[in-house]
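The structure appears right after this line, and notes come after that.
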Amino acid sequence: MTEPAPLGRRTAVEFVGTGALVAIVVGSGIQATKLSQDVGVQLLANSLATVFGLGALIALLGPVSGAHFNPVVTLAAWWTGRREGDGPTLREVAAYVPAQIAGAIGGAVLADAMFAEPLVRWSTHDRSAPHLWLGEVVATAGLVLLIFGLARTGRAHFAPVAVASCIGAAYWFTSSTSFANPAVTVGRAFTDTFAGIAPGSVLPFIAAQLVGLAAGVALVAVLFGRPTPAGEDVVVPHGEHHLATSGR
(Lines give C-alpha, C1' and ligand atoms only; values in the text may rest on other atoms or scores of the structure.)
Protein backbone atom coordinates (compact mmCIF):
# COMPACT_ATOMS: atom_id res chain seq x y z
CA MET A 1 0.00 0.00 0.00
CA THR A 2 1.47 3.35 -1.02
CA GLU A 3 1.63 6.26 1.38
CA PRO A 4 -1.27 8.74 1.07
CA ALA A 5 -0.63 12.19 -0.34
CA PRO A 6 -0.39 15.00 2.23
CA LEU A 7 -3.77 16.18 3.50
CA GLY A 8 -3.26 19.62 1.96
CA ARG A 9 -2.80 18.12 -1.49
CA ARG A 10 -5.79 15.81 -1.11
CA THR A 11 -7.93 18.73 0.05
CA ALA A 12 -6.82 20.78 -2.96
CA VAL A 13 -7.78 17.90 -5.24
CA GLU A 14 -11.24 17.77 -3.67
CA PHE A 15 -11.61 21.52 -4.21
CA VAL A 16 -10.46 21.42 -7.84
CA GLY A 17 -12.33 18.22 -8.68
CA THR A 18 -15.64 19.40 -7.24
CA GLY A 19 -15.21 22.75 -8.94
CA ALA A 20 -14.51 21.11 -12.27
CA LEU A 21 -17.54 18.84 -11.87
CA VAL A 22 -19.88 21.77 -11.23
CA ALA A 23 -18.34 23.75 -14.09
CA ILE A 24 -19.12 20.79 -16.36
CA VAL A 25 -22.70 20.47 -15.12
CA VAL A 26 -23.49 24.20 -15.26
CA GLY A 27 -21.47 25.00 -18.36
CA SER A 28 -22.96 22.17 -20.42
CA GLY A 29 -26.43 23.24 -19.28
CA ILE A 30 -25.82 26.79 -20.49
CA GLN A 31 -24.40 25.57 -23.79
CA ALA A 32 -27.34 23.22 -24.29
CA THR A 33 -29.88 26.00 -23.87
CA LYS A 34 -28.00 28.12 -26.42
CA LEU A 35 -28.02 25.32 -29.00
CA SER A 36 -31.57 23.94 -28.60
CA GLN A 37 -34.97 24.99 -27.33
CA ASP A 38 -35.98 21.36 -26.78
CA VAL A 39 -35.79 20.55 -23.05
CA GLY A 40 -35.21 16.87 -23.77
CA VAL A 41 -32.23 17.66 -25.99
CA GLN A 42 -30.94 20.08 -23.36
CA LEU A 43 -31.08 17.40 -20.66
CA LEU A 44 -29.46 14.87 -22.97
CA ALA A 45 -26.55 17.21 -23.70
CA ASN A 46 -26.20 18.08 -20.02
CA SER A 47 -26.21 14.44 -18.92
CA LEU A 48 -23.73 13.28 -21.58
CA ALA A 49 -21.26 16.03 -20.72
CA THR A 50 -21.55 15.16 -17.04
CA VAL A 51 -21.00 11.44 -17.63
CA PHE A 52 -17.86 11.96 -19.72
CA GLY A 53 -16.48 14.72 -17.52
CA LEU A 54 -17.13 12.88 -14.27
CA GLY A 55 -15.52 9.68 -15.52
CA ALA A 56 -12.43 11.60 -16.60
CA LEU A 57 -12.16 13.45 -13.28
CA ILE A 58 -12.46 10.25 -11.24
CA ALA A 59 -9.83 8.49 -13.35
CA LEU A 60 -7.45 11.44 -13.10
CA LEU A 61 -7.86 12.50 -9.47
CA GLY A 62 -9.01 9.31 -7.75
CA PRO A 63 -5.47 8.07 -7.04
CA VAL A 64 -4.75 11.23 -5.02
CA SER A 65 -7.83 11.87 -2.89
CA GLY A 66 -10.30 9.12 -3.77
CA ALA A 67 -12.24 11.65 -5.88
CA HIS A 68 -15.10 12.03 -3.42
CA PHE A 69 -16.23 15.45 -4.71
CA ASN A 70 -19.24 14.91 -2.46
CA PRO A 71 -19.81 15.37 1.30
CA VAL A 72 -22.18 12.40 1.29
CA VAL A 73 -19.40 10.11 0.08
CA THR A 74 -16.91 11.56 2.55
CA LEU A 75 -19.33 11.07 5.46
CA ALA A 76 -20.23 7.56 4.34
CA ALA A 77 -16.54 6.67 4.09
CA TRP A 78 -15.91 7.99 7.60
CA TRP A 79 -18.89 6.14 9.05
CA THR A 80 -18.23 2.79 7.40
CA GLY A 81 -14.50 2.89 8.08
CA ARG A 82 -14.45 4.26 11.61
CA ARG A 83 -14.19 0.86 13.38
CA GLU A 84 -11.53 -0.70 11.15
CA GLY A 85 -9.61 2.57 10.85
CA ASP A 86 -9.67 2.42 7.07
CA GLY A 87 -11.86 5.49 6.52
CA PRO A 88 -11.05 9.19 6.69
CA THR A 89 -10.53 10.71 10.12
CA LEU A 90 -12.73 13.50 11.42
CA ARG A 91 -9.85 15.88 10.68
CA GLU A 92 -9.89 14.77 7.06
CA VAL A 93 -13.67 15.09 6.89
CA ALA A 94 -13.40 18.61 8.29
CA ALA A 95 -10.91 19.46 5.53
CA TYR A 96 -12.70 17.74 2.63
CA VAL A 97 -16.26 18.99 3.11
CA PRO A 98 -15.57 22.76 3.15
CA ALA A 99 -13.21 22.30 0.18
CA GLN A 100 -15.93 20.51 -1.74
CA ILE A 101 -18.49 23.23 -1.02
CA ALA A 102 -16.08 26.04 -1.89
CA GLY A 103 -15.05 24.23 -5.06
CA ALA A 104 -18.69 23.78 -6.10
CA ILE A 105 -19.40 27.49 -5.70
CA GLY A 106 -16.23 28.35 -7.62
CA GLY A 107 -17.17 25.95 -10.41
CA ALA A 108 -20.58 27.57 -10.85
CA VAL A 109 -19.03 31.04 -10.98
CA LEU A 110 -16.42 29.84 -13.49
CA ALA A 111 -19.09 28.36 -15.76
CA ASP A 112 -21.06 31.60 -15.66
CA ALA A 113 -17.91 33.56 -16.51
CA MET A 114 -17.12 31.32 -19.51
CA PHE A 115 -20.56 32.03 -21.01
CA ALA A 116 -20.70 35.75 -20.12
CA GLU A 117 -23.46 35.18 -17.58
CA PRO A 118 -23.60 37.21 -14.34
CA LEU A 119 -20.94 35.68 -12.11
CA VAL A 120 -23.35 35.26 -9.22
CA ARG A 121 -27.11 35.33 -9.67
CA TRP A 122 -29.30 33.29 -7.36
CA SER A 123 -31.19 30.64 -9.23
CA THR A 124 -34.95 31.06 -9.65
CA HIS A 125 -35.43 27.36 -10.55
CA ASP A 126 -37.71 26.16 -7.78
CA ARG A 127 -37.31 22.45 -7.01
CA SER A 128 -39.47 22.17 -3.90
CA ALA A 129 -41.79 19.17 -4.09
CA PRO A 130 -42.02 15.87 -2.22
CA HIS A 131 -41.57 13.75 -5.35
CA LEU A 132 -38.29 15.56 -6.07
CA TRP A 133 -37.07 14.91 -2.52
CA LEU A 134 -37.90 11.24 -2.96
CA GLY A 135 -35.87 11.28 -6.17
CA GLU A 136 -32.91 12.64 -4.24
CA VAL A 137 -33.23 9.95 -1.58
CA VAL A 138 -33.22 7.25 -4.26
CA ALA A 139 -30.36 8.80 -6.24
CA THR A 140 -28.15 9.31 -3.19
CA ALA A 141 -28.83 5.88 -1.71
CA GLY A 142 -28.06 4.26 -5.05
CA LEU A 143 -24.80 6.17 -5.40
CA VAL A 144 -23.62 5.19 -1.91
CA LEU A 145 -24.63 1.57 -2.49
CA LEU A 146 -22.71 1.45 -5.78
CA ILE A 147 -19.52 3.04 -4.46
CA PHE A 148 -19.22 1.01 -1.29
CA GLY A 149 -20.56 -2.14 -2.86
CA LEU A 150 -17.74 -1.97 -5.40
CA ALA A 151 -15.26 -1.50 -2.56
CA ARG A 152 -16.65 -4.40 -0.52
CA THR A 153 -16.35 -6.74 -3.52
CA GLY A 154 -12.85 -5.64 -4.51
CA ARG A 155 -13.96 -3.94 -7.72
CA ALA A 156 -13.26 -0.30 -6.92
CA HIS A 157 -11.18 -0.05 -10.10
CA PHE A 158 -14.49 0.02 -12.01
CA ALA A 159 -15.51 3.24 -10.23
CA PRO A 160 -14.75 5.75 -13.03
CA VAL A 161 -17.06 3.96 -15.46
CA ALA A 162 -19.61 2.68 -12.95
CA VAL A 163 -20.12 5.92 -11.02
CA ALA A 164 -20.31 8.06 -14.16
CA SER A 165 -22.79 5.60 -15.69
CA CYS A 166 -24.91 5.61 -12.54
CA ILE A 167 -25.11 9.40 -12.49
CA GLY A 168 -25.92 9.52 -16.19
CA ALA A 169 -28.74 7.02 -15.78
CA ALA A 170 -30.09 8.79 -12.71
CA TYR A 171 -30.38 12.04 -14.68
CA TRP A 172 -33.21 10.28 -16.49
CA PHE A 173 -34.84 7.86 -14.07
CA THR A 174 -35.09 10.13 -11.01
CA SER A 175 -37.54 13.01 -10.79
CA SER A 176 -34.86 15.34 -9.39
CA THR A 177 -32.30 14.57 -12.15
CA SER A 178 -30.02 13.21 -9.43
CA PHE A 179 -28.06 15.94 -7.69
CA ALA A 180 -27.10 13.39 -4.97
CA ASN A 181 -24.46 15.79 -3.65
CA PRO A 182 -24.86 18.55 -1.01
CA ALA A 183 -21.83 20.52 -2.23
CA VAL A 184 -23.02 20.51 -5.84
CA THR A 185 -26.51 21.48 -4.65
CA VAL A 186 -25.11 24.54 -2.88
CA GLY A 187 -22.95 25.49 -5.87
CA ARG A 188 -25.84 25.26 -8.32
CA ALA A 189 -27.82 27.81 -6.28
CA PHE A 190 -25.31 30.44 -7.42
CA THR A 191 -26.28 30.30 -11.10
CA ASP A 192 -29.63 31.27 -12.61
CA THR A 193 -29.21 28.95 -15.58
CA PHE A 194 -30.45 25.54 -16.75
CA ALA A 195 -28.75 23.58 -13.96
CA GLY A 196 -29.59 25.99 -11.14
CA ILE A 197 -31.62 25.38 -8.01
CA ALA A 198 -33.37 28.13 -6.06
CA PRO A 199 -31.79 28.84 -2.66
CA GLY A 200 -35.09 28.02 -0.95
CA SER A 201 -34.94 24.51 -2.43
CA VAL A 202 -31.40 23.77 -1.24
CA LEU A 203 -31.96 22.71 2.37
CA PRO A 204 -34.78 20.24 1.62
CA PHE A 205 -32.63 18.72 -1.14
CA ILE A 206 -29.70 18.33 1.25
CA ALA A 207 -31.98 16.82 3.90
CA ALA A 208 -33.20 14.28 1.34
CA GLN A 209 -29.60 13.50 0.38
CA LEU A 210 -28.71 12.83 4.01
CA VAL A 211 -31.67 10.46 4.27
CA GLY A 212 -30.35 8.78 1.14
CA LEU A 213 -26.91 8.56 2.75
CA ALA A 214 -28.34 6.69 5.73
CA ALA A 215 -30.38 4.41 3.48
CA GLY A 216 -27.39 3.68 1.25
CA VAL A 217 -25.10 2.82 4.18
CA ALA A 218 -27.79 0.52 5.58
CA LEU A 219 -28.17 -1.21 2.21
CA VAL A 220 -24.42 -1.76 1.97
CA ALA A 221 -24.42 -3.45 5.38
CA VAL A 222 -27.42 -5.62 4.52
CA LEU A 223 -26.29 -6.65 1.04
CA PHE A 224 -22.51 -6.88 1.47
CA GLY A 225 -21.87 -7.21 5.20
CA ARG A 226 -18.57 -6.21 6.76
CA PRO A 227 -15.49 -5.74 4.56
CA THR A 228 -13.44 -8.84 3.79
CA PRO A 229 -9.66 -8.63 4.25
CA ALA A 230 -9.31 -8.15 0.49
CA GLY A 231 -11.92 -5.39 0.58
CA GLU A 232 -10.01 -3.67 3.37
CA ASP A 233 -6.96 -3.56 1.11
CA VAL A 234 -9.04 -1.72 -1.49
CA VAL A 235 -10.65 0.73 0.89
CA VAL A 236 -7.53 2.42 2.23
CA PRO A 237 -8.24 5.44 4.43
CA HIS A 238 -11.09 6.29 2.14
CA GLY A 239 -10.29 9.21 -0.03
CA GLU A 240 -6.61 8.52 0.05
CA HIS A 241 -5.98 6.38 -3.00
CA HIS A 242 -8.09 3.84 -4.73
CA LEU A 243 -11.84 4.26 -4.34
CA ALA A 244 -12.93 7.03 -6.67
CA THR A 245 -16.45 8.35 -6.18
CA SER A 246 -18.70 11.34 -6.71
CA GLY A 247 -22.24 12.37 -7.55
CA ARG A 248 -23.09 15.64 -8.98
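The values are calculated or read from the model by the stated rules, or taken from the named source; none is laboratory data. Predicted, not measured: the structure shown is a model, and the values here were computed from it. Just so you know, the surface numbers come from the protein's heavy atoms only, side chains and all, with ligands and any DNA or RNA stripped out. Shrake-Rupley method; radii C 1.70, N 1.55, O 1.52, S 1.80 Å.
Can you tell me the accessible area per residue over the range 1-130, all protein chains present, probe 1.4 angstrom, in square angstrom?
Accessible area per residue, the range 1-130: 46 Å².
Rg to Rh for the range 75-122: what is it, with Cα atoms only and Rh by Kirkwood?
1.27
State, as an integer percentage, the relative contact order of the chain based on alpha-carbon contacts under 8 Å between residues 6 or more apart.
Across the chain, relative contact order equals 33 percent.
Pairing the Cα long axis of helix 71-81 with the longest principal axis of the chain, what angle in degrees results, from 0 to 90 and rounded to the nearest 10?
Computed tilt is about 10 degrees.
Nearest 10 degrees is fine. How inclined is helix 90-114 to the longest principal axis of the chain, computing both from alpha carbons?
20 degrees
GNM, the chain, Cα, under 10 Å: largest mean-square fluctuation among Gln37, Gln100, Gln209?
Gln37
I'm a student and want to see the number: the projected area of the Cα convex hull of the range 50-93, averaged over all directions, in nm².
Averaged projected hull area, Cα only: 3.3 nm².
Read phi for every residue in the range 155-160 and hand back ³J(HN,Hα) as whole Hz from Karplus 6.51 cos²θ - 1.76 cosθ + 1.60, θ = phi - 60°, with x for Gly and Pro.
10, 4, 5, 7, 4, x
Taking θ as phi - 60°, what are the ³J(HN,Hα) couplings along the range 16-26 by the Karplus curve (6.51, -1.76, 1.60), each to the nearest whole Hz, with x for Gly and Pro?
Values per residue, Gly and Pro as x: 5, x, 5, x, 5, 4, 5, 4, 5, 4, 6 Hz.
Mind listing the phi-derived Karplus ³J(HN,Hα) values for the range 169-182, rounded to whole Hz, using 6.51, -1.76 and 1.60 with θ = phi - 60°, and x for any glycine or proline?
Couplings: 5, 5, 3, 9, 9, 9, 5, 8, 6, 6, 5, 6, 7, x Hz.
Which of Arg121, Arg155, Arg83 moves most in a GNM of the chain, Cα contacts under 10 Å?
Arg83
Please report the base-10 log of the normalised intensity I(q)/I(0) for the range 123-214, using a Debye sum with one equal scatterer per alpha carbon and no solvent, at each q in 0.10, 0.15, 0.17, 0.23 (1/Å).
Relative scattering, expressed as log10 I(q)/I(0), comes to -0.26, -0.55, -0.69, -1.10.
May I ask for the percentage of alpha-carbon pairs in the range 1-121 that lie more than 17 Å from each other?
Across the range 1-121, Cα pairs with separations above 17 Å total 60 percent.
Largest first, what is the accessible-area ranking of Leu143, Leu75, Leu110, Leu203 with a 1.4 Å probe?
Of Leu143, Leu75, Leu110, Leu203, the descending order of accessible area is Leu203, Leu110, Leu75, Leu143.
For the chain, what does -39500 (n - 2.57) per DSSP helix run (n ≥ 4), summed and divided by total residues, give at 222 nm, in deg cm²/dmol to the nearest 500? Intermediate values should be presented prior to the final figure.
Numbers: 9 runs with 169 residues, N = 248.
Result for the chain, helices only: -23000 deg cm²/dmol.
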